[in-house]
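> Next up is a structure, given as structure tokens.
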Amino acid sequence: MLRREQFLPYPKSLDVAAGGFLLPLAPPVAIQNVTRSTALVTKLTTALRARGLEPVFDAAAPAIRVTVTASATLPVDGYELHVTESSVQVSASSEAGAFYGICTLAQLIGLAPEDGAGVRLPALVIRDFPDFAARGVMLDVSRDRVPRMDTLFCLIDKLAGFKINQLQLYMEHTFAYAGHETVWRDASPFTPSELDELDRYTADRFIELVPNQNSFGHMQRWVTHARYRPLAECPDGFEHPWNPTREPYGLCATDPASLAFLDELYGQLLPHFRSTQFNVGLDETIDLGLGRSAAECAERGTERVYLEFLHRIHGLLAARGKKLQFWGDIINNKPELIPELPRDAVALEWGYEAEHPFAERAQRYRESQLQFYVCPGTSSWNSIGGRTGNAIANICSAATAGYDNGAHGLLVTDWGDNGHLQPQPVSELGLVLSALVSWDVNAARQPEAIPLSALLDRYSFADESGTLGQLVYDLGQVYALAGAQEINCSLLFSLLTSRDGHYDPTRVSIENLESALARVRELRGRLPSARPSGPDGALVLEELAWVARAMEFGCLLGLERAALGFDAPLSQVPAQKRLVLSRMLAELLEQHTRNWLRRSRPGGLRDSRRRLEQTLMQLVP
């Protein structure tokens, strides 16, 4: 019996009746398409050909009809799908709605049984529409992984099929700004023509490509260079949690030159996006008030100085016809200032732990009548294999709190902190779950009932063996088994990359590490059973093998360190064991490099490798 839970995302209503409609192997399936969407044609054609069927479009006597007409009963992105014994009808009130209807029909074709003469679709009626107007994904393309264009095209196709309608590429220094080659020379940046191509590609699939350029904090890739150092809040640098060395970090909010600098960047970046929105970041301004703006911050308050800088940036965007998006963490330090934010701005309420107070923060924005998104994370970064339990709780909490308080959108983030070591398959669980709950928020209210592994097998990995979905889910649970996890990271990641300050050694248990090691080895043993049939299926297997092996290394290194005491240098590990560990890590480094270059550009790889090399150097006998 066909069930809603077999689709991604779930349709709002599914009524199945007796009988059905046969899509025949011959003659070709006749289709009437009245939309202008090439993506719709491609989606339906691919689905039919995958089942051995051949389509012919704009036929006189169509078996499948697609119509777009104004409807008082269907929201803009809504659609209806009717399958009877005589025809298949997709009706929508917008081109986007028609595309989403075809996405559901394509999934139905994949689920339907064969009966010898073709594929028989069950008679049914689906009426469907999203719960969030904006259903977005943000990819970190600055720390340190810059995806290849073919990687992005494949991912965009997948996200469009999940009914995602917004994509952001988080940039610090990875756009080829003319005249600023010093900053991006070694980063393999996006060129203007590549952004133009991405903008066209996403628009054809009803995805809004929203520009994203951090504009306040996280500007160290710029202000560490002599030319830009005068723009920094702390030109001589300061110590901060994300770098043990003193370095400049953010722009000086009180320096008019900072604004002129941003205006020039915006003038180069924004013409390559048709979106009327722009995410300017403004998060984690950890040095504000510690340098050149200290006097004004002391006199008027740090958050007041921050708010004034935000208003100035808002003015730059208004002059260019763009709507400001900004991360909400700083203004939440002084929520009484929220009513003073520009009324047309969009606040992005982010938080990446299971217990993040989305409900409390969302209520503030609702009461202020400011448009806002809720922004959970995939929990993939700083983890090696993900943090499944945290990701599910974080994403579902964001969805329910956002919907209950009138959030305009849900934007899931996939960051790349500390070398972007996690490969793409580790993030798939968070992408699938966020696509599901941003369309159908009721799924988030019962997360334990979501068949995540089955959805991953069918829609992410195309694994008919039913192996990879559960494997990714279970690898993402090892962080909890290893224990001693801290905020926004896993113990095994910290051990792998020698980040000793990010976990409490007194909480590290040999028993937990041994349990985690046994579990990882058991999970590695499942990989040969997987049969992913997607275009990147072989690479997915190699990436997940690397994940399991890297987690195994973290367990082994942790056991040696726990036996010695965490204050002891790695040079005190017995020489034979150091030799085994160093060879294991050297192999991981080389496989990481090979896998990286198959999805990503070479820029950033050296920095990513450095995270592992610093551990390797301590192990080399």
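> Enumerate the strands (runs of 3 or more DSSP E) found wholly within the range 299-396, keeping only those where 1 or more residues are over 14 Å from residue 282 (Cα atoms). First the steps, then the outcome.
Numbers: elements: 323-327, 346-350, 371-375.
Ranges flagged: 323-327, 371-375.
> Please work out which one of (1) crowded, with 16+ Cβ neighbours inside 10 Å; (2) in a strand (DSSP E or B); (3) over 29 Å from the mean Cα position of the chain (by Cα) is the condition residue 239 fails and give its number.
Exception for residue 239: condition (1).
> Taking the stated definitions as given, is residue 284 modelled with pLDDT under 95 and of a type outside the set (Phe, Trp, Tyr)?
no
> A further question on this structure: Any chance the range 511-528 includes a residue that's among the small types (Gly, Ala, Ser) and under 15 Å from residue 427 (Cα atoms)?
No.
> What's the total number of residues in the range 554-568 that are surrounded by fewer than 22 Cβ atoms within 10 Å (Cβ to Cβ) and within 15 Å of residue 496 (Cα to Cα)?
Quick first cut of the range 554-568, residues surrounded by fewer than 22 Cβ atoms within 10 Å (Cβ to Cβ) only: 556, 559-568.
Restricting the remaining residues to those that are within 15 Å of residue 496 (Cα to Cα) gives 556, 559-562, 566.
Result for the range 554-568: 6.
> Another question, then. Could you please give the count of residues in the range 415-427 that are under 15 Å from residue 155 (Cα atoms) and crowded, with 24+ Cβ neighbours inside 10 Å?
Result for the range 415-427: 4.
> Follow-up question, since we're still on this one. Need pairs with beta-carbon distance below 6 Å; first residue outside the structural domain of residue 517 (by TED's automatic domain parsing) and free of Cβ contacts under 8 Å to residues at least 12 places away in the same chain and within the range 540-567, second among the polar types (S, T, N, Q) and surrounded by 21 or more Cβ atoms within 10 Å (Cβ to Cβ); sequence gap 6+ or separate chains.
none
> Can you confirm whether residue 407 is in contact (Cβ under 8 Å) with a residue 12 or more places away in the chain, among the aliphatic types (A, V, I, L, M), part of a helix (DSSP H, G or I) and crowded, with 24+ Cβ neighbours inside 10 Å?
No, not satisfied.
> Something else: From the list 435, 444, which one is under 12 Å from the mean Cα position of the chain (by Cα), under 25 Å from residue 328 (Cβ atoms), assigned to a helix (DSSP H, G or I) and not polar (S, T, N, Q)?
None of the other options fit; the residue is 435.
> Another question about this same structure. In the range 109-157, how many residues are among the aromatic types (Phe, Trp, Tyr) and in contact with a strand residue (DSSP E or B) (Cβ under 9 Å, 6 or more places away or on another chain)?
Start the filter on the range 109-157 by keeping residues that are among the aromatic types (Phe, Trp, Tyr), which leaves 129, 132, 153.
Keeping just the survivors that are in contact with a strand residue (DSSP E or B) (Cβ under 9 Å, 6 or more places away or on another chain) gives 129, 132.
Of the residues in that region, 2 qualify.
> Within the range 536-587, track down each residue that is outside any helix (DSSP H, G or I) and not β-branched (Val, Ile, Thr).
Matches in the range 536-587: 536, 565, 566, 567, 568, 569, 574.
> Restricting the range 174-207 to residues that are β-branched (Val, Ile, Thr) and in a helix (DSSP H, G or I), which is surrounded by the fewest Cβ atoms within 10 Å (Cβ to Cβ)?
Ranking the candidates gives 182 first.
> I'm checking my understanding of the structure. Among residues of the range 428-456 that are among the hydrophobic types (A, V, I, L, M, F, W, C) and touching a Lys or Arg at 6+ places or on another chain (Cβ under 7 Å), which one is surrounded by the fewest Cβ atoms within 10 Å (Cβ to Cβ)? Spell out how you get there, then give the answer.
To start, the set of residues in the range 428-456 that are among the hydrophobic types (A, V, I, L, M, F, W, C) comprises 429, 431-433, 435-437, 439, 441, 443-444, 449-450, 452, 454-456.
Imposing the further condition that a residue be touching a Lys or Arg at 6+ places or on another chain (Cβ under 7 Å) reduces the set to 435, 439.
Working: 435: 25, 439: 28.
Filtering first and then ranking leaves 435.
Condition check ((1) closer than 21 Å to residue 325 by Cα; (2) outside the structural domain of residue 376 (by TED's automatic domain parsing); (3) of a type outside the set (D, E, K, R)) across all residues:
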{"residue": "153", "(1), (2), (3)": "no, no, yes"}
{"residue": "182", "(1), (2), (3)": "no, no, yes"}
{"residue": "199", "(1), (2), (3)": "yes, no, no"}
{"residue": "214", "(1), (2), (3)": "yes, no, yes"}
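> Moving on. Which of the residues that make up the range 137-173 are touching a residue at least 60 places away in the same chain (Cβ under 8 Å) and assigned to a helix (DSSP H, G or I)?
151, 154, 155, 158, 159, 160, 161
> Among (1) surrounded by 23 or more Cβ atoms within 10 Å (Cβ to Cβ); (2) touching a strand residue (DSSP E or B) at 6+ places or on another chain (Cβ under 6 Å); (3) not charged (D, E, K, R), which single condition is residue 371 missing?
(1)
> Okay, moving on. Looking at the range 215-233, which of the residues that are in a loop (DSSP other than H, G, I, E, B) and in contact with a strand residue (DSSP E or B) (Cβ under 7 Å, 6 or more places away or on another chain) is farthest from residue 302 (Cα to Cα)?
Taking the candidates together, the pick is 224.
> Residues that are part of a strand (DSSP E or B), touching a Gly at 6+ places or on another chain (Cβ under 7 Å) and of a type outside the set (Phe, Trp, Tyr): does the range 23-43 have at least one?
yes
> Being of a type outside the set (A, V, I, L, M, F, W, C) and within 17 Å of residue 135 (Cβ to Cβ) is the filter; apply it to the range 89-106 and report the residue that is surrounded by the fewest Cβ atoms within 10 Å (Cβ to Cβ). Can you show your working first?
At the first step, the residues of the range 89-106 found to be of a type outside the set (A, V, I, L, M, F, W, C) are 89, 91, 93-95, 97, 100-101, 104.
When the remaining residues are screened for being within 17 Å of residue 135 (Cβ to Cβ), the result is 94-95, 97, 100-101, 104.
Numbers: 94: 20, 95: 17, 97: 26, 100: 29, 101: 26, 104: 21.
This residue is 95.
> For residues that are surrounded by fewer than 21 Cβ atoms within 10 Å (Cβ to Cβ) and in contact with a helix residue (DSSP H, G or I) (Cβ under 9 Å, 6 or more places away or on another chain), scanning just the range 72-88, find the one that is nearest to residue 37 (Cα to Cα).
Ranking the qualifying residues of the range 72-88, first place goes to 76.
> What about residue 47, is it modelled with pLDDT of 95 or more and either touching a Cys at 6+ places or on another chain (Cβ under 7 Å) or within 19 Å of residue 206 (Cα to Cα) (or both)?
On the way: modelled with pLDDT of 95 or more: yes; either touching a Cys at 6+ places or on another chain (Cβ under 7 Å) or within 19 Å of residue 206 (Cα to Cα) (or both): yes.
Against the criterion (modelled with pLDDT of 95 or more and either touching a Cys at 6+ places or on another chain (Cβ under 7 Å) or within 19 Å of residue 206 (Cα to Cα) (or both)), residue 47 qualifies.
> In the range 460-518, which residues are in a helix (DSSP H, G or I), under 20 Å from residue 618 (Cβ atoms) and polar (S, T, N, Q)?
Answer for the range 460-518, where residues must be in a helix (DSSP H, G or I), under 20 Å from residue 618 (Cβ atoms) and polar (S, T, N, Q): just 494.
> Looking at (1) modelled with pLDDT of 90 or more; (2) closer than 18 Å to residue 87 by Cα, which is the only condition residue 59 fails?
Single failed check for residue 59: (1).
> So which residues in the range 365-381 are more than 14 Å from the chain's Cα centre (by Cα) and among the polar types (S, T, N, Q), if there are any at all?
368, 369, 371
> Before we move on, is residue 507 under 22 Å from residue 379 (Cβ atoms), surrounded by fewer than 19 Cβ atoms within 10 Å (Cβ to Cβ), in the same structural domain as residue 580 (by TED's automatic domain parsing) and not hydrophobic (A, V, I, L, M, F, W, C)?
Yes.
> Shifting gears a bit: Every residue in the range 208-235 that is surrounded by fewer than 17 Cβ atoms within 10 Å (Cβ to Cβ) and in contact (Cβ under 8 Å) with a residue 40 or more places away in the chain, please.
Correct list: 225, 227, 235.
> From 287, 329, 344, 263, which residue is within 27 Å of residue 431 (Cβ to Cβ) and either without any contact (Cβ under 8 Å) to a residue 40 or more places away in the chain or of a type outside the set (Val, Ile, Thr) (or both)? It would help to see each step written out before you state the result.
Numbers: 287 fails: within 27 Å of residue 431 (Cβ to Cβ); 344 fails: within 27 Å of residue 431 (Cβ to Cβ); 263 fails: within 27 Å of residue 431 (Cβ to Cβ).
Testing whether each residue is within 27 Å of residue 431 (Cβ to Cβ) and either without any contact (Cβ under 8 Å) to a residue 40 or more places away in the chain or of a type outside the set (Val, Ile, Thr) (or both) leaves just 329.
> Considering only the range 412-422, I want to know if a residue exists there that is part of a strand (DSSP E or B), among the aliphatic types (A, V, I, L, M) and touching a residue at least 24 places away in the same chain (Cβ under 8 Å).
So far as the range 412-422 goes, yes, one or more of its residues are part of a strand (DSSP E or B), among the aliphatic types (A, V, I, L, M) and touching a residue at least 24 places away in the same chain (Cβ under 8 Å).
> Now a separate question. What number of residues in the range 1-41 are β-branched (Val, Ile, Thr) and at pLDDT 95 or above?
Here the count works out to 1.
The values are calculated or read from the model by the stated rules, or taken from the named source; none is laboratory data. The structure displayed is predicted, hence computed values, not measured ones. Every residue, glycine among them, receives a Cβ derived from its backbone with ideal geometry; neighbour counts consider all protein chains shown.
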